[in-house]
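Novice: Take a look at the following structure, please.
What follows draws every value from the coordinates through simple rules; no lab data is involved. None of these values were measured; they are calculated from a predicted model. FYI the Cβ positions are ideal-geometry reconstructions off the backbone, even for glycines, and counts take in every protein chain you see.
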Amino acid sequence: MPPQSSIELEIAEAEYKRNLEKEEKLGRKEGMADAYGKLGILYITLGHLDKAEDMFKKSLKIEEKLANKEGMASDYGYLGTIYQMRDDLEQAEAMFKKSLKVNQELGRKQGMLTVYGKLAEVYYTRRDLDQAEDMFKKQLEMEEELDNKEAIAKIYGFLGDIYRLRLDFNQAEELYKKSLQLFAATGAGQMVEVMQEMLANLKKRKVS
């Protein structure tokens, strides 16, 4: 579990910095990259995005020298997340695409799955609906293989939104209903309410 309270976060930061210092003294590149990555994740949690970006760039530089593709894919993904949090969608897209390419080369399904979802969010935010749909469908296919019902329900909701934005209300309604059904089955009460509201609003639009 990542540290939660501010005291825990401060202790973790001091510990990671000590580790980094130790690895630097020993000249252990893998250890340094790992310490930079841990600090980067911590700074994302704290919302210190400039510091986080700096850490992941340092980690990436080492991973590239070591030709550690798994580490590179991870760093690209985190950098994409940082740019996404800053609403720099162009940079976010570029990083996620780099991460996806490496994950595909390595055949890392979990990595690919995560990045499909991230790219889908970027395209959806940008209202690039065709590309968003494509990414959500790729993500959906993989989540269905894993039978991850809550994730599947969430994707159906997003796909419903895409069809609603295209004014294809019948298709949107069908997808919202699928989403609602799955959220109900997983006991996600709050999301059930959200989807019921989406369906109610959709019915009003269909009537008017």
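Novice: Against the longest principal axis of the chain, how steep is helix 69-85, in degrees 0 to 90 to the nearest 10, with axes from Cα atoms?
Specialist: Orientation of helix 69-85: about 60 degrees from the principal axis.
Novice: Right, next: Place the peptides 130-139, 55-64, 180-189 in order of packing, highest mean first, counting for every residue the other Cβ atoms within 10 Å and averaging per peptide. Mind dumping the intermediate values first?
Specialist: On the way: 130-139: 18.7, 55-64: 21.2, 180-189: 16.3.
By packing density, highest mean first, the sequence is 55-64, 130-139, 180-189.
Novice: For Cα extents along the principal axes in Å, several values are listed as (i) 57, 42, 26; (ii) 47, 38, 27; (iii) 69, 38, 30; flag the one computed from this structure.
Specialist: Answer by label: (iii).
Novice: Turning to a different aspect of this structure: Taking K and R as +1 and D and E as -1, what net charge do the other residues with C-beta under 11 Å from the C-beta of Leu167 add up to?
Specialist: Details: positive: Arg164, Arg166, Arg205, Lys206; negative: Asp168.
My count for the surroundings of Leu167 gives +3.
Novice: Then there is this: If I take all pairs of Cα atoms in the range 130-208, what percentage of them are more than 19 Å from each other? Can you show the working numbers first?
Specialist: Working: 1023 of 3081 pairs.
Counting every Cα pair in the range 130-208, those more than 19 Å apart make up 33 percent.
Novice: Counting alpha carbon pairs within less than 8 Å and at least 6 residues apart, what relative contact order, in whole percent, applies to the range 65-204? Don't skip to the end; give the middle numbers.
Specialist: Numbers: 154 pairs, mean separation 19.8, N = 140.
In percent, rounded to a whole number, it is 14.
Novice: Continuing with this model, one more query. Order these by the 10 Å Cβ neighbour count, fewest first: Val194, Val115, Val207.
Specialist: Val207, Val194, Val115
Novice: If I fit a long axis through the Cα atoms of helix 89-106 and take the longest principal axis of the Cα atoms of the chain, what angle between them do I get, 0 to 90°, rounded to 10?
Specialist: 80
Novice: Testing the spin-label approximation: label points 7 Å from Cα along Cα→Cβ at His48 and Lys29. State their distance in nm.
Specialist: In this crude label model, His48 to Lys29 measures out at 2.7 nm.
Novice: Okay, next question. Once you have a ≥ b ≥ c as the square roots of the Cα gyration tensor eigenvalues for the range 101-160, tell me rounded if a/c is under 1.5, and otherwise prolate or oblate according to whether a/b is larger than b/c.
Specialist: Numbers: a/c = 2.48, a/b = 1.18, b/c = 2.10.
It comes out oblate by the Cα gyration axes.
Novice: For labels at Asp168 and Lys97 in the simple 7 Å Cα→Cβ model, what's the distance in nm?
Specialist: 2.5
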